[in-house]
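Step one of this worksheet: look at the structure below.
The values are calculated or read from the model by the stated rules, or taken from the named source; none is laboratory data. Just so it is clear, the structure is predicted and the values come from calculations on it, not from any experiment. Cβ placement follows ideal geometry from the backbone for every residue including glycine, while neighbour counts extend to all protein chains displayed.
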């Protein structure tokens with residue numbers, strides 16, 4: 001298993017993580033067995049959005065005696081009423097549900113207290129100008145949550161949350177199709193095939209700003225909906241008209257700036273194992289560029305996707321990393337110290353470019369790499 005640091009939290013998490021909604025309806029013994037298998041594969045990061053009391057109690061049984069082996073991301077503002085899940089902004093209901101969550105899980109704290117599903121500007125104001133954020137900050141001060149998170153599908157709202165300085169972790173929907181779409185406070189837009197009827201080109205600028213800001217500011221991202229509800233794995237249902245493999249979809253998300261982990265919703269051991277297979281997959285198996293390049297309707301032309309097809313560089317430059325750090329600095333308008341240090345740590349730098357152009361012949365997205373190396377060398381000074 002590959003492990004990454006979840007932004008400024010400093011928490012070490014497995015890159016492949018476990019979304020637990022697939023365990024609803026299972027017995028405690030089955031959930032314990034699935035957690036045993038996930039732990040054996042090195043998975044240590046789990047997300048629990050559902051307030052289903054049976055699910056929470058079964059997960060509590062699964063982590064009993066090994067609480068410290070798991071990083072638990074539990075959601076605030078989800079409640080269980082009349083036998084179903086509801087989202088709420090009622091502070092009293094949120095508080096009661098949080099206490100129930102700790103009791104059902106058999107723990108006295110959550111690693112990430114995730115404010116659930118904030119997609120609209122109006123809801124953002126409700127959360128961040130009212131009692132919900134105050135409660136989250138109080139719980140953090142009391143040690144009952146270690147860090148504050150927020151889940152969203154809207155890059156504009158997610159960026160605003162990150163810019164408050166109060167959110168340490170974002171749970172955000174990332175895949176090649178969603179990245180093409182402009183911001184919307186209606187999550188259904190992401191799933192509607194009509195959204196992809198017209199030609200779309202390159203990652204939406206607002207999404208790119210979000211990723212870059214989080215990378216600079218130390219806001220960790222864990223990813224949801226990496227398979228687009230399964231649509232991206234089907235040639236018939238995918239807006240791309242091509243099917244991605246699970247490994248390709250995971251690789252795409254895990255190469256976005258600031259992303260530490262992908263939450264994969266799994267129902268059984270086979271699905272857990274299929275997700276964890278990313279760790280040992282070959283470069284060819286991870287190669288998502290094959291699936292998204294050369295499409296008639298969608299284009300990432302001229303945009304570095306950090307896919308690594310440009311390698312090997314004649315001069316030994318890690319071109320994808322140079323481009324990533326250069327883009328981060330460009331978005332800031334200056335070179336942040338953290339980005340400067342990451343760039344400095346590279347074995348070779350942009351100024352080592354021989355301008356041979358071999359990399360450009362291999363790039364499936366038509367990036368002018370020689371020029372991007374010149375720009376990076378000027379930006380960083382070498």
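Criterion applied to 289, 275, 283 was being at pLDDT 85 or above, surrounded by 17 or more Cβ atoms within 10 Å (Cβ to Cβ) and either assigned by TED's automatic domain parsing to the domain that holds residue 17 or within 20 Å of the chain's Cα centre (by Cα) (or both), and the one residue passing it is 275.
Just checking, does the stretch 179-194 include any residue being modelled with pLDDT of 80 or more, more than 16 Å from residue 152 (Cβ to Cβ) and assigned to a loop (DSSP other than H, G, I, E, B)?
No.
Among residues belonging to the stretch 313-329 that are closer than 30 Å to residue 159 by Cα and in contact with a helix residue (DSSP H, G or I) (Cβ under 7 Å, 6 or more places away or on another chain), point out the one that is surrounded by the most Cβ atoms within 10 Å (Cβ to Cβ).
325
Yes/no per residue for (1) over 19 Å from the mean Cα position of the chain (by Cα); (2) under 24 Å from residue 165 (Cβ atoms):
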{"residue": "5", "(1), (2)": "no, yes"}
{"residue": "16", "(1), (2)": "no, no"}
{"residue": "41", "(1), (2)": "yes, no"}
{"residue": "53", "(1), (2)": "yes, no"}
{"residue": "98", "(1), (2)": "yes, yes"}
{"residue": "109", "(1), (2)": "yes, yes"}
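Considering 74, 143, 113, the condition of being touching a residue at least 40 places away in the same chain (Cβ under 8 Å) and either surrounded by 23 or more Cβ atoms within 10 Å (Cβ to Cβ) or assigned by TED's automatic domain parsing to the domain that holds residue 160 (or both) is satisfied by 74 alone. Within the stretch 97-110, being touching a helix residue (DSSP H, G or I) at 6+ places or on another chain (Cβ under 8 Å) and either surrounded by fewer than 19 Cβ atoms within 10 Å (Cβ to Cβ) or part of a loop (DSSP other than H, G, I, E, B) (or both) holds for 100, 106, 107, 108, 109. Here are some conditions: (1) touching a strand residue (DSSP E or B) at 6+ places or on another chain (Cβ under 8 Å); (2) surrounded by fewer than 20 Cβ atoms within 10 Å (Cβ to Cβ); (3) assigned to a helix (DSSP H, G or I). Residue 94 meets all but one. Which one does it not meet? Answer for residue 94: the failing condition is (2). Scanning the stretch 240-266 for residues being surrounded by fewer than 19 Cβ atoms within 10 Å (Cβ to Cβ) and over 20 Å from the mean Cα position of the chain (by Cα) gives a total of 3.
For a quick check of your reading: which helices (runs of 4 or more DSSP H) sit entirely within the stretch 240-303 and have at least 3 residues that are under 30 Å from residue 330 (Cβ atoms)?
Per the criteria, 246-254, 289-292.
Would you mind stating whether residue 131 is surrounded by 16 or more Cβ atoms within 10 Å (Cβ to Cβ) and at pLDDT below 95? When the stated conditions are applied, residue 131 does not pass them.
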